[in-house]
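Student: The structure's right below; bear with me while I get my questions together.
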Amino acid sequence: MGDRSRASGAATGDTGAAPLRATGGAILLDGKALAAKVRAGVALRAARFTTRAGRPPGLAVVRVGEDPASAVYVRNKLKASREAGIASFAHDLPASVSEAQLLALIGELNRDARVDGILVQLPVPAGVDANRVMDAVDPAKDVDGFHPANTGLLAQKRPRLRPCTPYGVIRLAQEYGIALPGMRATVVGASNIVGRPMALELLLARATVTVCHTGTRDLKSEVERAELVVAAVGKAGFIPGDWIRPGAAVFDVGINRTPSGKLVGDVDFEPAARRAGWITPVPGGIGPMTIAMLLTNTVEAAEAKHAPRADLPP
Ligand code: GUN
């Protein structure tokens with residue numbers, strides 16, 4: 001298990017070209033290339049929806065306050081939506097907005113027939129309860145997959161709208177032929193946005209899953225025995241390269257800026273890439289996949305209005 005033979009037959013963005021490799025040999029999991037392919041598929045579906053429904057799929061993106069990283073993420077999400085033929089509705093609210101005002105806006109978006117997907121960029125400012133915000137979004141429009149109803153459906157093996165980053169990790173693993181069933185997978189980080197839903201996604205894919213968090217006693221040994229590692233901590237270089245098991249698949253969700261301004265992940269990339277079988281770069285790995293899966297969810301939410309699934313709540 002965890003040897004590089006798993007790479008045989010791995011897709012490489014359908015170009016037929018040999019996969020890119022990092023110095024040291026690990027196959028680079030090219031999230032940027034796969035995201036472009038996923039987005040092209042979404043654009044086709046959005047065009048078909050527009051013809052059928054007489055309007056494009058719609059995504060509302062709500063940003064509260066002036067968090068500079070959130071401003072960049074939201075700008076990228078809006079641009080990608082436009083490029084895929086999805087109508088976007090941007091709502092930028094001041095940090096001083098009350099929770100009641102924010103909940104009222106979410107109520108309006110829930111009722112707006114032009115809006116198929118609603119995303120409230122996190123974090124929200126202190127004074128606004130993020131749980132109340134997530135609970136207020138109509139689960140059928142919850143393109144972040146953060147509503148407890150959607151988390152519950154994922155936990156029950158009948159996913160509807162799936163959290164974008166974990167969904168992107170799974171899609172990228174599948175693209176490269178990484179065989180998840182039976183794999184020993186370790187998720188580092190247990191947040192509601194990434195770590196927890198990532199564990200549920202890996203379980204759905206039939207991996208054997210360990211979740212590490214601040215209460216974990218021996219993180220090093222948990223990572224060392226993992227055939228697949230997802231790092232979602234938010235600390236530059238948190239996982240040393242020499243913890244990576246030879247041949248392992250490494251998915252780095254972290255996006256951290258060093259004092260010199262460079263973007264780096266949670267895994268110390270160079271030494272990890274000398275040991276890993278596959279590794280995501282930062283940037284260009286999971287970040288673009290998160291946006292691609294958001295667009296996928298939006299078009300799916302739009303299509304589901306016309307063809308609701310019989311196995312799901314209305
Ligand atoms: N903040 C960091 N990641 C995310 C995400 O995937 N969705 C939202 N809404 N906020 C985030």
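The values are calculated or read from the model by the stated rules, or taken from the named source; none is laboratory data. What you see is a predicted model, and the numbers here were worked out from it, not measured in a lab. In this analysis, Cβ positions are derived from the backbone assuming ideal geometry, glycine residues included, and neighbour counts consider all displayed protein chains. Side chains included, ligands, DNA and RNA excluded: accessible areas come from the protein's heavy atoms. Shrake-Rupley method; radii C 1.70, N 1.55, O 1.52, S 1.80 Å.
Student: Does Ala207 satisfy the condition of being in contact with an Asp or Glu (Cβ under 9 Å, 6 or more places away or on another chain) and closer than 26 Å to Val229 by Cβ? Step through it out loud before you land on a result.
Tutor: Details: in contact with an Asp or Glu (Cβ under 9 Å, 6 or more places away or on another chain): yes; closer than 26 Å to Val229 by Cβ: yes.
It is true that Ala207 is in contact with an Asp or Glu (Cβ under 9 Å, 6 or more places away or on another chain) and closer than 26 Å to Val229 by Cβ.
Student: Further question: Could you check how many residues of segment 167-176 are free of Cβ contacts under 8 Å to residues at least 40 places away in the same chain and open to solvent by less than 20 Å² (accessible area, probe 1.4 Å)?
Tutor: Going residue by residue through segment 167-176, those that are free of Cβ contacts under 8 Å to residues at least 40 places away in the same chain are 170, 174.
Those left that are additionally open to solvent by less than 20 Å² (accessible area, probe 1.4 Å): 170.
Looking only at that region, the number is 1.
Student: Check off (1) closer than 23 Å to Ile291 by Cα; (2) free of Cβ contacts under 8 Å to residues at least 60 places away in the same chain; (3) of a type in the set (Gly, Ala, Ser) for Ser81 and give me the number that stays unchecked.
Tutor: For Ser81, the failing item is (2).
Student: Does Leu78 count as more than 29 Å from Pro313 (Cβ to Cβ) and either more than 13 Å from the ligand (Cβ to nearest atom) or not polar (S, T, N, Q) (or both)?
Tutor: yes
Student: Let me ask something else about it. At pLDDT 95 or above and under 21 Å from Ser191 (Cα atoms): is that true of Ala226 in this structure?
Tutor: Here the answer is yes, as Ala226 does meet what is asked.
Student: Scan segment 51-58 and give yes if some residue there is under 22 Å from Asp142 (Cβ atoms) and β-branched (Val, Ile, Thr), otherwise no.
Tutor: The answer is no, given that none of the residues of segment 51-58 is under 22 Å from Asp142 (Cβ atoms) and β-branched (Val, Ile, Thr).
Student: Within segment 1-46, which residues are of a type in the set (Val, Ile, Thr) and either modelled with pLDDT of 95 or more or closer than 19 Å to Glu227 by Cα (or both)?
Tutor: If the condition is that a residue be of a type in the set (Val, Ile, Thr) and either modelled with pLDDT of 95 or more or closer than 19 Å to Glu227 by Cα (or both), then Ile27, Val38, Val42 are the ones that fit.
Student: I need the full set of residues from segment 54-86 which are outside any strand (DSSP E or B) and of a type in the set (Lys, Arg), in order please.
Tutor: Arg55, Arg75, Lys77, Lys79, Arg82
Student: Kindly indicate whether any position in segment 105-118 is open to solvent by 30 Å² or more (accessible area, probe 1.4 Å), in contact with an Asp or Glu (Cβ under 8 Å, 6 or more places away or on another chain), closer than 28 Å to Leu202 by Cα and not in a helix (DSSP H, G or I).
Tutor: Looking through segment 105-118, none of the residues is open to solvent by 30 Å² or more (accessible area, probe 1.4 Å), in contact with an Asp or Glu (Cβ under 8 Å, 6 or more places away or on another chain), closer than 28 Å to Leu202 by Cα and not in a helix (DSSP H, G or I).
Student: Given (1) crowded, with 19+ Cβ neighbours inside 10 Å; (2) away from the ligand (no atom under 16 Å from the Cβ), where does Arg63 come up short, assuming only one miss?
Tutor: (2)
Student: Still on this structure, I have one more. Which condition number does Gly85 fail, the rest of (1) on the phi > 0 side of the Ramachandran plot; (2) within 13 Å of the ligand (Cβ to nearest atom) being met?
Tutor: Here Gly85 clears every test but (2).
Student: From the list Val124, Val133, pick out the single residue that is part of a helix (DSSP H, G or I), farther than 20 Å from Ala310 by Cα and either within 10 Å of the ligand (Cβ to nearest atom) or within 15 Å of the chain's Cα centre (by Cα) (or both).
Tutor: That would be Val133, the only listed residue that is part of a helix (DSSP H, G or I), farther than 20 Å from Ala310 by Cα and either within 10 Å of the ligand (Cβ to nearest atom) or within 15 Å of the chain's Cα centre (by Cα) (or both).
Student: Restricting to segment 140-166, name every residue that is within 12 Å of the ligand (Cβ to nearest atom) and open to solvent by 40 Å² or more (accessible area, probe 1.4 Å).
Tutor: Arg162
Student: Within 15 Å of the ligand (Cβ to nearest atom), in contact with a Gly (Cβ under 8 Å, 6 or more places away or on another chain) and of a type in the set (A, V, I, L, M): which single residue out of Ile286, Ile291 fits that description?
Tutor: Ile286
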